[in-house]
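Undergrad: Sharing a structure with you now.
The values are calculated or read from the model by the stated rules, or taken from the named source; none is laboratory data. Not measured: the values here are computed from a predicted model. All Cβ positions, even for glycine, are placed from backbone atoms using ideal geometry, and neighbour counts span all protein chains on display.
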Amino acid sequence: MAYRSDMRVLIILLTGVLLFFQSCKKDYTPRPRGYFRISFPDKSYKPLDIQVPYYFQIPSYSVPGHDPLSPNQPNWITIEIPANHAQIHLSYKKIDKNLETYIEESRSLAYQHSQKASAIEEQLFINPSRKVYGTIYTIKGNAASPMQFYLTDSVSHFLRGSLYIKEVPNSDSLQPVIRFLSQDVLQLIKTTEWKDLK
């Protein structure tokens, strides 16, 4: 009987040693880092319903409101997109022989992200039928704002916008969100019109 129990112990011990050496392979590769799956709502848009000197369409899953950080600027608004922890900040100024200054300020603010950005692409936007002209800045890499723009009629209206995602900037994990929200910003730009409030 003692012989059988010794044999059993020896078999268990040998099996344990074999499993230990089998698990210590040198070609082990760690699993790549994964990210959570992000679900997005269906694309649909609604008109901006705030009394400001401009109009455009915003995502139906967004909430517009006056910019709480700029109470003295009634034409500055923030469009919240709660599901994606994102905001589109919009500031509006009347032009008074200072268009070049506003354009340079917008360009400078976009290029402040160049330290973290891997590239900044500029694209002209021209819609002569609505008298809307501007530049769209697409900021690649781990910048805090992946997209900025300005729009103007070159005479009296100047609108500057920037998209921010309230998460740690990581272009790999945020790329699906950036791609999704960039379509909304482009829809906003394409549907912009000027209006004069009395």
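Undergrad: Out of everything in the range 89-107 that is among the hydroxyl-bearing types (S, T, Y) and closer than 18 Å to L124 by Cβ, what residue ends up being nearest to the chain's Cα centre (by Cα)? It would help to see each step written out before you state the result.
TA: Applying the first criterion (among the hydroxyl-bearing types (S, T, Y)) to the range 89-107 yields 91-92, 101-102, 106.
The next check asks that each one be closer than 18 Å to L124 by Cβ; those that pass are 102, 106.
On the way: Y102: 23, S106: 18 Å.
Here the residue is S106.
Undergrad: Oh, and also: Only one of (1) surrounded by fewer than 16 Cβ atoms within 10 Å (Cβ to Cβ); (2) out of contact with any strand residue (DSSP E or B) (no Cβ under 9 Å at 6 or more places or on another chain); (3) assigned to a helix (DSSP H, G or I) is not met by L186, so which one is it?
TA: (2)
Undergrad: Looking at the range 125-140, which of the residues that are more than 18 Å from D184 (Cβ to Cβ) and free of Cβ contacts under 8 Å to residues at least 60 places away in the same chain is surrounded by the most Cβ atoms within 10 Å (Cβ to Cβ)? Lay out the reasoning, then the answer.
TA: In the first step, residues of the range 125-140 are kept if they are more than 18 Å from D184 (Cβ to Cβ); the result is 126, 128-131, 133, 135, 140.
Checking the rest, the ones that are also free of Cβ contacts under 8 Å to residues at least 60 places away in the same chain come to 126, 128-129, 133, 135, 140.
Working: I126: 7, P128: 7, S129: 6, Y133: 15, T135: 17, K140: 15.
Per the criteria, the residue is T135.
Undergrad: Now for a different question. Restricting attention to the range 63-79, and to residues there that are out of contact with any Ser or Thr (no Cβ under 6 Å at 6 or more places or on another chain) and under 17 Å from M147 (Cα atoms), which single residue is surrounded by the most Cβ atoms within 10 Å (Cβ to Cβ)?
TA: Result: I77.
Undergrad: Now, a different point. Sort through I189, I165, I103, I136 and tell me the only one that's modelled with pLDDT under 95 and closer than 19 Å to H89 by Cβ.
TA: Numbers: I189 fails: modelled with pLDDT under 95; I103 fails: modelled with pLDDT under 95; I136 fails: modelled with pLDDT under 95.
Step by step, each of I189, I165, I103, I136 is checked, and only I165 is modelled with pLDDT under 95 and closer than 19 Å to H89 by Cβ.
Undergrad: If the Cβ limit is 7 Å and pairs must be 6+ apart or interchain, which residue in the range 141-153 that is within 17 Å of I103 (Cβ to Cβ) and at pLDDT 90 or above pairs with which residue that is among the charged types (D, E, K, R) and outside any strand (DSSP E or B)?
TA: Between residues of the range 141-153 that are within 17 Å of I103 (Cβ to Cβ) and at pLDDT 90 or above and residues that are among the charged types (D, E, K, R) and outside any strand (DSSP E or B), the close pairs are D153/K131.
Undergrad: Filter the range 94-124 down to residues that are outside any helix (DSSP H, G or I) and in contact with a Lys or Arg (Cβ under 8 Å, 6 or more places away or on another chain) and give me whichever is surrounded by the most Cβ atoms within 10 Å (Cβ to Cβ). Outline the logic, then answer.
TA: Residues of the range 94-124 outside any helix (DSSP H, G or I): 94-98, 116-124.
Next, only the ones that are in contact with a Lys or Arg (Cβ under 8 Å, 6 or more places away or on another chain) stay: 117-121.
Working: A117: 23, S118: 11, A119: 9, I120: 17, E121: 10.
Looking at the filtered set, the residue picked out is A117.
Undergrad: Evaluate the following for Y150: is it hydroxyl-bearing (S, T, Y) and either out of contact with any helix residue (DSSP H, G or I) (no Cβ under 9 Å at 6 or more places or on another chain) or assigned to a helix (DSSP H, G or I) (or both)? Step through it out loud before you land on a result.
TA: Working: hydroxyl-bearing (S, T, Y): yes; either out of contact with any helix residue (DSSP H, G or I) (no Cβ under 9 Å at 6 or more places or on another chain) or assigned to a helix (DSSP H, G or I) (or both): no.
So Y150 fails the test.
Undergrad: Among the strands (runs of 3 or more DSSP E) lying completely within the range 15-69, list those that include at least 1 residues that are modelled with pLDDT under 95.
TA: Values: elements: 45-47, 57-59, 63-66.
Where strands (runs of 3 or more DSSP E) fall fully within the range 15-69 and carry at least 1 residues being modelled with pLDDT under 95, they are 63-66.
Undergrad: Restricting to the range 143-170, name every residue that is under 17 Å from T78 (Cα atoms), of a type outside the set (A, V, I, L, M), surrounded by fewer than 23 Cβ atoms within 10 Å (Cβ to Cβ) and in contact with a Phe, Trp or Tyr (Cβ under 7 Å, 6 or more places away or on another chain).
TA: S145, R160
Undergrad: Is there any pair linking a residue in the range 71-83 that is farther than 30 Å from P176 by Cα to one that is assigned to a strand (DSSP E or B) and of a type in the set (D, E, K, R), with Cβ under 7 Å and at least six apart or on different chains, and which?
TA: none
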